[in-house]
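> Take this structure, written in structure tokens, and hold onto it; I'll ask about it next.
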Amino acid sequence: MNFKKELYQKIWDAALPYQDKRDDVGHAEIVTKFATKLCKLEKEADDIVVPAAILHDIGWSQLSEEEKFIIFNSNATKEEMLHVRIRHQKEGVKLAKEILEKLEYPLDQIKKILEIISQHDTRKGFFSKEDGVMRDADKLWRFSKIGLEADIRRREMKFHEYYNRMEKRIEEENFFYSESAKSLAREELVERQREYEAETREKREIKLPIK
Ligand SMILES: [Fe+2]
Ligand SMILES: [Fe+2]
């Protein structure tokens, strides 16, 4: 194992108790995988992007159950939603700082990682390539099988409704930073459609167990 991988593993282990606290098991892992993939495609060093991906959402663990799910509540006000988004970012920065300092991650890199986490959900536009790549990875979660299913469940939406919404989002200005993320998102959607059709076919083919 090379030095960096070993260090990323330590960050991963330290963050694990705080991960995936919003009925989104797999979020941290999937975002980190997309982050690694995007770094390769975009020829970007991963020392900022990967730790930021691992740590970006650990702040949710510090919020109440009600706060964690307010974003999926159609009756919630814009102010309420913004409030929890800011709160999870702030709490995330605190926890990430502790973890990275304990592991003696380089200080100048900690600063950049925390800057990304501090506004990963609320910043308009992108302030650096690292910021863009990490936030692309976070958004790609919604196109993954597990992420798409979690969102459909939490938002109580139909597959086609959600699919059409996400298809449009790919082309929206400032949604994705990189062309690589747009291509990955399109590929993921093709897969989701294929899976959906296969599952629907399977359901139709179930016969009554009567001879
Ligand atoms: Fe977040
Ligand atoms: Fe996230």
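> Among residues belonging to the stretch 118-141 that are out of contact with any Lys or Arg (no Cβ under 9 Å at 6 or more places or on another chain) and within 13 Å of ligand 1 (Cβ to nearest atom), point out the one that is nearest to TYR177 (Cα to Cα).
Filtering first and then ranking leaves MET134.
> Report the residue count in the stretch 75-110 for those that are touching a helix residue (DSSP H, G or I) at 6+ places or on another chain (Cβ under 8 Å), surrounded by fewer than 18 Cβ atoms within 10 Å (Cβ to Cβ) and among the β-branched types (Val, Ile, Thr).
0
> Would you mind stating whether ASP138 is at pLDDT 95 or above and within 13 Å of the chain's Cα centre (by Cα)?
Yes: the conditions hold for ASP138.
> Suppose we keep only residues that are touching a Ser or Thr at 6+ places or on another chain (Cβ under 9 Å) and away from ligand 2 (no atom under 16 Å from the Cβ) within the stretch 1-35. Which one would you say is least open to solvent (accessible area, probe 1.4 Å)?
TYR8
> I need a count of the residues in the stretch 10-22 that are within 14 Å of ligand 1 (Cβ to nearest atom) and either modelled with pLDDT of 95 or more or in contact with a Lys or Arg (Cβ under 7 Å, 6 or more places away or on another chain) (or both).
Number of matching residues: 5.
> Only one of ILE70, ILE113, ILE152 is touching a helix residue (DSSP H, G or I) at 6+ places or on another chain (Cβ under 9 Å), open to solvent by less than 70 Å² (accessible area, probe 1.4 Å), of a type in the set (A, V, I, L, M, F, W, C) and within 20 Å of ALA14 (Cβ to Cβ). Can you tell me which?
Numbers: ILE70 fails: within 20 Å of ALA14 (Cβ to Cβ); ILE152 fails: within 20 Å of ALA14 (Cβ to Cβ).
Answer to the check: ILE113.
> While we're looking at this one, here's another question. Just for the stretch 118-167: of the residues that are over 27 Å from LYS97 (Cβ atoms) and not in a helix (DSSP H, G or I), which one is nearest to ligand 2 (Cβ to nearest atom)?
Looking at the filtered set, the residue picked out is SER144.
> Go through the stretch 47-57 and count every residue that is more than 16 Å from ligand 2 (Cβ to nearest atom) and crowded, with 19+ Cβ neighbours inside 10 Å.
Our first condition is that a residue be more than 16 Å from ligand 2 (Cβ to nearest atom); within the stretch 47-57, this holds for 47-48.
The next check asks that each one be crowded, with 19+ Cβ neighbours inside 10 Å; those that pass are 48.
Residues meeting the conditions: 1.
> Could I ask something else about it? If PRO209 satisfies every condition in (1) in a loop (DSSP other than H, G, I, E, B); (2) open to solvent by less than 40 Å² (accessible area, probe 1.4 Å); (3) without any contact (Cβ under 8 Å) to a residue 12 or more places away in the chain but one, which is the exception?
Condition not satisfied by PRO209: (2).
> Do we find that ILE86 is away from ligand 1 (no atom under 16 Å from the Cβ) and among the β-branched types (Val, Ile, Thr) in this structure? Even if it seems obvious, please write down each step before you answer.
Numbers: away from ligand 1 (no atom under 16 Å from the Cβ): no; among the β-branched types (Val, Ile, Thr): yes.
No: the conditions fail for ILE86.
> If you go through the stretch 168-206, how many residues are at pLDDT below 95 and assigned to a loop (DSSP other than H, G, I, E, B)?
Count: 3.
> Taking the criterion of being closer than 18 Å to ASP46 by Cα and among the small types (Gly, Ala, Ser), would at least one residue in the stretch 149-172 satisfy it?
There is no residue in the stretch 149-172 that is closer than 18 Å to ASP46 by Cα and among the small types (Gly, Ala, Ser).
> Right, another one. Just to confirm my filter: which helices (runs of 4 or more DSSP H) fall fully inside the stretch 8-81 and include at least 2 residues that are of a type outside the set (Lys, Arg), within 17 Å of the chain's Cα centre (by Cα) and under 20 Å from GLU130 (Cβ atoms)?
Those helices (runs of 4 or more DSSP H) span 27-41, 46-55.
> Now for a different question. Exactly one condition in (1) surrounded by 20 or more Cβ atoms within 10 Å (Cβ to Cβ); (2) more than 16 Å from ligand 1 (Cβ to nearest atom); (3) free of Cβ contacts under 8 Å to residues at least 60 places away in the same chain is not met by LEU184; state its number.
Just one mismatch for LEU184, condition (3).
The values are calculated or read from the model by the stated rules, or taken from the named source; none is laboratory data. All values reported here derive from a predicted model rather than from experimental measurement. No Cβ is skipped: glycine too gets one built from the backbone with ideal geometry, and neighbour counts run over all protein chains shown. Each accessible area value is taken on the protein alone, full model and side chains, heavy atoms only, with ligands, DNA and RNA left out. Shrake-Rupley method; radii C 1.70, N 1.55, O 1.52, S 1.80 Å.
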